[in-house]
Amino acid sequence: MTSAATKSRAAQVVLIHGAWFTAKLWEPVIAELAVLGASAVAVELPLAGFAADVAAARRAIEAARPGAVVAAHSYGGNVVSAAASGNPSIARLVYVAAFLSERDEHPSTILADHRSELLDAIRITEAGVDVDPAKARHLFFGDADDETGAEFVTRLRPMPLTAGDMDYDGEPAWKSLPCTYLVSTRDRAIPPDAQRSMATRADEVIEWPTDHSPFTSHPRRVAELLHSYIP
């Protein structure tokens, strides 16, 4: 297969999930993008440490078509800020209720400063760091019906205790690339005021009355937004 043919099949949109989540939760958006004629890939982060997550995201971004749109959710925002650093071929970064941080800003500090309900739901277990399932439904999937929300909770995975070590080389990608921030105004995990504070660093800010995971509750709307940025 020629290089041109390979690129023609490469993804136009790269989707990065957040802490405890899986790539499968992006599937409704991928399906909607396909209807719109766009190819997309959701990266399965190993959740084995920040460096490993960044490496997985970087591989997918580098394999994408030039001019790709990269969307990140929650913790995935920090991953993309590192993974896309120094990559000028990206058309736009889209932070979906995500951490849009300086290198020396830690998510736990941002959450504490804004009194996030998530901090009271985090547990330390033998498997690592997870979220109390009884609280995860409303924290992450508040717009879903009870049955769907409960199903989504079963897909959550633990994070390693070392997940908070987020050092990387280079400047955050949002400093040099076009950047949109989507504020979820009904988010109970990353409070809307925390999102608005971080969103001042983006060149475009959009607010939707959605929960922490609009790609599960409003996949068509998210797909249309991402599709609008494809060159």
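Before moving on, here are some points about what is shown:
- Residue check, D211 of a type in the set (D, E, K, R), farther than 13 Å from A98 by Cα and part of a loop (DSSP other than H, G, I, E, B): no
- Of all the numbered requirements in (1) in a loop (DSSP other than H, G, I, E, B); (2) closer than 27 Å to P46 by Cβ, V222 misses one, and that requirement is (1).
- Scanning region 190-210 for residues that are charged (D, E, K, R) and either touching a Cys at 6+ places or on another chain (Cβ under 6 Å) or farther than 17 Å from L119 by Cα (or both) yields R196, R201, D203, E204, E207.
- Looking only at region 3-58, and only at residues there that are at pLDDT 95 or above and charged (D, E, K, R), the one that is surrounded by the fewest Cβ atoms within 10 Å (Cβ to Cβ): K24
- Considering region 159-175, and only residues there that are at pLDDT 95 or above and assigned to a helix (DSSP H, G or I), the residue that is surrounded by the fewest Cβ atoms within 10 Å (Cβ to Cβ) turns out to be K175.
- Candidates are the residues of region 125-158 that are at negative phi and among the small types (G, A, S); the one that is surrounded by the fewest Cβ atoms within 10 Å (Cβ to Cβ) is A134.
- Given (1) hydrophobic (A, V, I, L, M, F, W, C); (2) within 28 Å of D146 (Cα to Cα); (3) in contact with a strand residue (DSSP E or B) (Cβ under 7 Å, 6 or more places away or on another chain); (4) in a helix (DSSP H, G or I), index of the condition V183 fails: (4)
- Candidates A150, A98: the one that is more than 16 Å from G49 (Cα to Cα) and in contact with a Ser or Thr (Cβ under 6 Å, 6 or more places away or on another chain) is A98.
- Tally, over region 180-204, of residues that are under 21 Å from V69 (Cα atoms), over 16 Å from the mean Cα position of the chain (by Cα) and not basic (K, R): 3
- Among the helices (runs of 4 or more DSSP H) confined to region 1-95, the ones with at least 3 residues that are within 25 Å of L161 (Cα to Cα) are located at 50-63, 76-83.
- As for region 121-131, it holds no residue that is in a loop (DSSP other than H, G, I, E, B), of a type outside the set (S, T, N, Q) and under 18 Å from V80 (Cα atoms).
- Residue that is nearest to V222 (Cα to Cα) [pool: residues in region 89-124 that are among the hydroxyl-bearing types (S, T, Y), surrounded by 18 or more Cβ atoms within 10 Å (Cβ to Cβ) and modelled with pLDDT under 95]: S101
The values are calculated or read from the model by the stated rules, or taken from the named source; none is laboratory data. Since the structure is predicted, the reported quantities are computational estimates derived from the model, not experimental observations. A quick note on method: Cβ atoms are made from the backbone with ideal geometry, for glycine too, and the neighbour counts reach across all protein chains shown.
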